[in-house]
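Notes follow once the structure below has been shown.
The values are calculated or read from the model by the stated rules, or taken from the named source; none is laboratory data. It should be emphasised that the depicted structure is a prediction, and the values quoted were computed from it without experimental measurement. Please note: Cβ atoms are built from the backbone with ideal geometry, for glycine as well, and neighbour counts cover all protein chains shown.
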Amino acid sequence: MNRVVSSTFVVVTLLWLAAAARGDGGFIHLQTSALDLAQTRQEVVLVLQELPPDSQLPRATYVLRSRYTGTPSDFAWVIPVPDTPTDVVAHETDALFKSLDAETAPSFSIIQSMGGGGCSCGAGGVASEVNGLVQVESRGTTGVFDWVALSSNGSDALLAWLSDNGFEVGVDAAPILDKYIQQESHFLAVKIHEPQTLGDQGEVEIPPIQFSCQTTKSYYPMAISQISAAQETEVVIYVLADHRMEGQNVPNALISPSALEFDATNPSMTNYETLFRQTIESNGGLALITEFAGSTQNRPLWNVDDWPAAPPGASDLPFLTRMRSIISRERLDLDFDFQAAESDTEINSAFFIVASAQHAAFAIGQIFALALMLGAARTAFRTWGHKQRRGRSEAPGRH
């Protein structure tokens, strides 16, 4: 008989930050004047307010964070939105996403069974400017971004305006832009006026950008991503709303805790990554997997300093839902529509796996090895910093 005894068992907790497949899609079309970049990860915080405290009209607020692979050069994004975007703000850090990820990302505890079982946003120029079939609704600068809010009656005119004004978007975007124009979408065109550098994994991380619009629509425009997506796209969606949310036009799914097993070949030390992909494949290659759904009451999800530009009333919304998917480029052919789920049943992102003593010991060994590597790297960095400071202090002319 297997026993789990609180005073004698071993618990190994692994925090896995949902990075099994790097892919980013939704919302953004990218074009560079140098080597092409491929979107590798994008996250969005979507705040849905039916009656904001500072407005009489429903409002949707988007916060986007993106990552690309390739060599950075000039960036231009075109983001379809339901209505004229306002309150465009660059985030100085990604602290909001780090806080939400820490609260909602899957975590795994491997338990050894004793029996061996198993805003600086400028809205300068808000007066409308009409150029052929393109209307400039507002423009401004925030952080590293220059942005323009636009509407248009035709993709040819829109692409010509974007090109003339330094937003280099390829002509192959025309059919997809036409789709959004037919839906009477507005557009937020964004470009970066400061060079971006490659990260440790050869990726370019774009600072988060936030904007709002007055709308009753709850959607995530994915189809625009066909143009610049990588072969696989990971999409992470956080929705703050009055209720638990789910996809309306795509299958919704969960990972069953009872299906989890120990698997040393995966970063989580479980078969979660395998189950995640199998669940998507079993739904025809497209599904939104809810990894977390819970009440925000008495649970601070972010610090005020993490989100100084939070829309009024955002912290009062009672429910947060985290959905994630990995999508092939071929399936990026529709936008995600959202609706309230049938119930506000909470979904916990903490998993507990009962493993044999051998498996638990292996997991502990992996963590110790990682800790040793991190400790060695930290020591090396401190030694390097000390030498640098000593070198500067000994340089001629230093007192």
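Can you find even one residue in segment 108-131 that is of a type outside the set (Ser, Thr, Tyr), at pLDDT 85 or above and surrounded by 15 or more Cβ atoms within 10 Å (Cβ to Cβ)? Yes, segment 108-131 contains at least one residue that is of a type outside the set (Ser, Thr, Tyr), at pLDDT 85 or above and surrounded by 15 or more Cβ atoms within 10 Å (Cβ to Cβ). Take the conditions (1) assigned to a loop (DSSP other than H, G, I, E, B); (2) modelled with pLDDT under 90; Glu330 misses just one of them, which is (1). Selection of segment 253-271 for residues being surrounded by 16 or more Cβ atoms within 10 Å (Cβ to Cβ) and either at pLDDT 95 or above or closer than 28 Å to Leu48 by Cβ (or both) yields Ala253, Ile255. Which one is nearest to the chain's Cα centre (by Cα) among residues in segment 216-250 that are closer than 17 Å to Val81 by Cα and assigned to a helix (DSSP H, G or I)? Among those residues, the one meeting the criterion is Ser225. Of all residues in segment 137-181, those satisfying the criterion of being crowded, with 19+ Cβ neighbours inside 10 Å, in a helix (DSSP H, G or I) and among the hydrophobic types (A, V, I, L, M, F, W, C) are Leu158, Leu159, Trp161, Leu162, Ala173, Ile176, Leu177, Ile181. Return yes or no: is Gln339 in a strand (DSSP E or B), in the same structural domain as Lys98 (by TED's automatic domain parsing) and over 18 Å from the mean Cα position of the chain (by Cα)? In short, yes. The C-beta contact set for segment 294-306 (first residue under 16 Å from Val63 (Cα atoms), second residue hydroxyl-bearing (Ser, Thr, Tyr) and crowded, with 18+ Cβ neighbours inside 10 Å, distance under 8 angstrom, 6+ apart or interchain) is empty. Within this structure, Ala264 fails the test of being assigned by TED's automatic domain parsing to the domain that holds Gln56, within 21 Å of Leu64 (Cα to Cα) and in a loop (DSSP other than H, G, I, E, B). Of all residues in segment 41-66 being within 22 Å of Pro207 (Cα to Cα) and charged (D, E, K, R), which is nearest to the chain's Cα centre (by Cα)? In this case the residue turns out to be Glu43.
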